[in-house]
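Step one of this worksheet: look at the structure below.
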Amino acid sequence: MAENHAQNKAKLISETRRRFEAEYVTDKSDKYDARDVERLQQDDNWVESYLSWRHNIIDETLKMLDESFQWRKEISVNDLNESSIPRWLLEIGVIYLHGYDKEGNKLFWIRVKYHVKDQKTILDKKKLIAFWLERYAKRENGKPVTVMFDLSETGINSIDMDFVRFIINCFKVYYPKYLSKIVIFDMPWLMNAAFKIVKTWLGPEAVSLLKFTSKNEVQDYVSVEYLPPHMGGTDPFKYSYPPLVDDDFQTPLCENGPITSEDETSSKEDIESDGKETLETISNEEQTPLLKKINPTESTSKAEENEKVDSKMKAFKKPLSVFKGPLLHISPAEELYFGSTESGEKKTLIVLTNVTKNIVAFKVRTTAPEKYRVKPSNSSCDPGASVDIVVSPHGGFTVSAQDRFLIMAAEMEQSSGTGPAELTQFWKEVPRNKVMEHRLRCHTVESSKPNTLTLKDNAFNMSDKTSEDICLQFATSSCEMDCSPP
């Protein structure tokens, strides 16, 4: 069944590409950005997003692609950056991304009171919308957003139905599948008629995505931690520019407490003390991960050392899904599964594998730095090697679907050192376009999921076999998994 579905999807994608090239690109090649045409031929997810929004009807999908691609070239979407937007427009904070709803979808804020209907500035405001959406789309690749239309303190001068229609079209045509819902907060009575028109623009299938709320109802969709005080929330966030709002990912806790700055490095005494309380068994300069795949040629003493570490491992989840990036393969691919407090399986693993011929530096950041311990959070990975990163809730905090983790990675020169000072300097100097980024969501489960395997205490013994020799088998009598040789 699943195989047939995958085959049908592949056929639809292939046929869409073929027909778009033959029926549209040949006649309208000058109307499209060549980069979009090339991406359409390479990015299956992008093609699928258009197909899905048009219920896999190829004729309708082609029309949508045509309209979308012409708009993308007209507004120069691929070339939009901060300098494309007037500084004053970025400073007032009418549009930005910040926080998450209860389903873990990013919040796309539109503070309507800061918008004034003005034909002279409408193009710049449209570019601002496109800038944020394109920036998000490149990072999250298909994960939807929740649009927060904040109409509090809105006057008649802020009502701009053309602008609202453009925003609706962004999600109907230009960024299909990116809309989770539209939460409309504190709508004044004079806009009732206007939003009846908005419903017709959305169409019957999307009308259910409109959520009209007051201070009481808005908390059904967004928790108080991501709502500002005027919505009954506790979020202390205040928009300011510069820089661009990018407050999501911060340095997490390490095993010996929070890191106060990006450049801070632990002292030798900190590491020695840390080693007594945690599973770390080597020096800070090497920053080797807790679990490491063993090469058969390594010495017996090294294996015995790792066995001592492994004997302390409890309730880890071994991820099976893999995101294949250009520098690192990252497992799991999308979600970190944490056990519930009752299950006691709170820790989880992120496994990084270096697929390059050079050393790859990496660091881990999170949207909730006060809630998690991450070990290691800033280190490097040798060519062909794997690194296991332990992530665990800290200080009684609970895992939330709104929490995110960011893996950042970049290749290092062969002559570069990998100690704390060298890594700090490397991240200061590495160009932004050389950094690979991948995001992971968090999920809490009551019992083991099919795509994660729980490792029993003392069951993961590496002293006489490599990690490749280990076969993970499902236990039939409990939700735990046993590790045994093949």
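Given a cut-off of 24 Å, name the pairs among K120/K181; K347/K371; K73/K120; K31/K127 whose C-alpha atoms lie farther apart than that in the structure shown.
The pairs that break the limit, which is 24 Å between Cα atoms, are K120/K181.
Taking the Cβ of A194 as the center, what net charge do the other residues with Cβ under 11 Å away carry, scoring Lys and Arg +1 and Asp and Glu -1?
Every neighbour counted, the sum reads +2.
Report the Stokes-Einstein translational diffusion coefficient (µm² s⁻¹, integer) for segment 80-229, Rh taken as the Kirkwood radius over Cα pairs, at 20 °C with viscosity 1.002 mPa s.
Translational D for this selection: 136 µm²/s.
Probe radius 1.4 Å, ligands and nucleic acids ignored: give me the carbon and sulfur share of the accessible area of segment 80-229 as a rounded percent.
Whole-percent figure for carbon plus sulfur exposure: 51.
Using a probe of 1.4 angstrom, how much of the accessible area of segment 321-441 is carbon and sulfur, in percent?
C and S atoms contribute 47 percent here.
What is the distance, in nm, between label points placed 7 Å from the Cα along the Cα-to-Cβ direction at K196 and at K357?
The answer from the label model is 6.9 nm.
Rank W201, W88, W109 by accessible area, highest first, at a 1.4 Å probe radius?
W88, W201, W109
Rounded to the nearest 10 Å², what accessible area does T444 show when all protein chains are kept and the probe is 1.4 Å?
60
In Å², what does the accessible area per residue of segment 321-441 work out to with a 1.4 Å probe?
Per residue, segment 321-441 has 40 Å² of solvent-accessible surface.
Short version: ³J(HN,Hα) in whole Hz for each residue of segment 403-409, in order, from phi by Karplus 6.51 cos²θ - 1.76 cosθ + 1.60 (θ = phi - 60°), x for Gly and Pro, what are they?
With coefficients 6.51, -1.76 and 1.60, one gets 6, 9, 10, 10, 9, 10, 8 Hz.
Taking R0 as 22 Å, what FRET efficiency do you get between K11 and S52 from their Cβ-Cβ distance, rounded to the nearest 0.05?
Using R0 = 22 Å, I get an efficiency of 0.90.
For S68, S83, give me the order by solvent-accessible area with a 1.4 Å probe, most accessible first, ignoring ligands, DNA and RNA.
Per-residue accessible area, sorted high to low, gives S83, S68.
With a 1.4 Å probe and every protein chain kept in, tell me what percent of the accessible surface of segment 1-78 is carbon plus sulfur.
That fraction is 46 percent.
Between N81 and F212, how many nm apart are label points set 7 Å from Cα along the C-beta direction?
4.4
Mind ordering 44-52, 74-82 by average Cβ neighbours within 10 Å, highest first?
44-52, 74-82
Enumerate the residues in segment 117-146 having an amide nitrogen under 20 Å from the point lying 7 Å beyond the Cα of R165 toward its Cβ.
Hits in segment 117-146 for R165 at 20 Å: 117-130.
What number comes out for accessible area per residue over segment 80-229 if the probe is 1.4 Å? Units Å², please.
43
Among bridges DSSP assigns within segment 92-231, what percent are antiparallel (round to 5)?
The antiparallel fraction comes to roughly 20 percent.
The values are calculated or read from the model by the stated rules, or taken from the named source; none is laboratory data. Computed from a prediction, not measured in an experiment: that's the story for all the values here. All Cβ positions, even for glycine, are placed from backbone atoms using ideal geometry, and neighbour counts span all protein chains on display. Remember, those area values only see protein heavy atoms, side chains included, never the ligands or the DNA or RNA. Shrake-Rupley method; radii C 1.70, N 1.55, O 1.52, S 1.80 Å.
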